[in-house]
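See below for the structure under consideration.
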Amino acid sequence: MKDPSRLLETARGGLERELLRSAYTDVAPDAVRARVLESIDRGLAEVAPRLPASSAAGKRGLLLRMVRAAYLGGGLLAAAAGVAVVLLEQSGPRSRGDIPPSSLAWLPGPARSAPARGSEPAAPAQSRAKPHLATLAPGEGQAARGSNTALAGMHPEHLRAAGLANPLARNTPARLRADADEHEDWLGAQLRLLREAREQLEAGRLEQAERVLNSYGPRFPGGVLGPQVNGLREELSERRTTARAASGRLPLR
Amino acid sequence: MVAARAPAVHQLVAEYMDFVWRSLRRLGVTEADCDDGCQRVWVVVAKKLGSIEPEKMRSYIFSVVVRVASEMRRARGRHQHEELDEHTPALTALDAEGLLEQKRVRQLLDQVLSSMSWELRVVFVMFELEGSSSPEIAEALGVSRGTVASRLRLAREAFRRSVERLQAPPRPPQQSLVQLVGVASKAVS
């Protein structure tokens, strides 16, 4: 669909043209421009700490920060666990069960209550378990898996600081990225929903369009596209009215 | 993180400030309120900056402008439709008095725009005065292109009607009673 030409190009009279042209000469006063810049600087500085309580996006930001803080906080403990595992690895050849239970007593997980017993059958290796873990006894394996979980949740910076290659936490950056993407994609998801509603509407599937529009509020409380959704609702209502009027005009057979 | 956006926001302000100002004014925000309106628009844009696609920046800013202008109008309790002022001088009077300065003409333009409904006004301002395309407007308002085209057609009709009213020649001055008596006496004689 091609846009019609602008009215200014086809204006009939002098006044019409003057009115349209007058809008172009309207510019923001310098004083207002300066005040806006000043308030933006001030606002941005204030908005950052206030974001969590002020909007849904802010709450997501707070959640993200809490998750990161948990990573950082848990990172120290996990790093210690990782160091212990590495030390155990480097302590020379050993047979199953020769690790004194007391040496694992501080590790998180069942190792504290279930010391290693060489007589127990080896637990099936976890899909993500590393070879060195497979050499451990079941109790140790569980303990190491506990540390595995902890390492997986550890911030990569902590692992780097601890001098660990962090083979067990490969999915951590991905998880962080996913959180960040989710945070950034909040508007994108709203736009997708809006697009879907519009497609349904244009395809004449009014019920589906309404369902999609109704899902906007619960999915995005405090969403920024409320006016657009309302616009689509209005259009939906117009189409319904038109459809009813058309069906009313049709002769009954 | 947010504070790091300041340079980007400053650049956007430099690029779009006049657009925001003009759009708010043409959407009925008074000059006195426009300062506040601009700040509200930019604070929203600054907050959401990271999630706006650069090519959709203009549409997004305009959607914020529309929302802010709508809220400000509602806050002022203004009516959606405003008829042209009865005392609006006709074009001839404007010519005669040399009042076609830009400010006066803009006041006239705002009067003409205020005679349109809100939906028509938004589309007219965006298409005719800001040069946006139909897809951009549809994106910003969340309506179909067909709706944009329909509203634009109605808005143009309303605009032309209002301009014609402004251009209508002034009513002839009423003859005074003395003049009438003079004419009548001449006719009798």
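The values are calculated or read from the model by the stated rules, or taken from the named source; none is laboratory data. Just so it is clear, the model here is predicted, and its values are computed rather than measured. Reconstructed Cβ throughout: ideal geometry from the backbone, glycine too, with neighbour counts over all protein chains shown.
Remarks
- Pairs are defined by a Cβ separation below 7 Å, a sequence spacing of at least 6 or placement on different chains, a first member in the range A:224-244 that is assigned to a helix (DSSP H, G or I), and a second member that is surrounded by fewer than 16 Cβ atoms within 10 Å (Cβ to Cβ); the pairs so defined are A:Leu236/A:Leu206; A:Arg239/A:Leu206; A:Arg240/A:Leu206.
- Any hit, the range B:17-24, residues being more than 24 Å from B:Ser132 (Cβ to Cβ), at the interface with chain A (Cβ under 9 Å from one of its Cβ atoms), part of a helix (DSSP H, G or I) and at pLDDT 65 or above: no
- Extreme residue, nearest to B:Asp36 (Cα to Cα), among residues of the range A:10-25 that are buried (at least 17 other Cβ atoms within 10 Å of the Cβ) and facing another protein chain (nearest Cβ under 7 Å): A:Ala23
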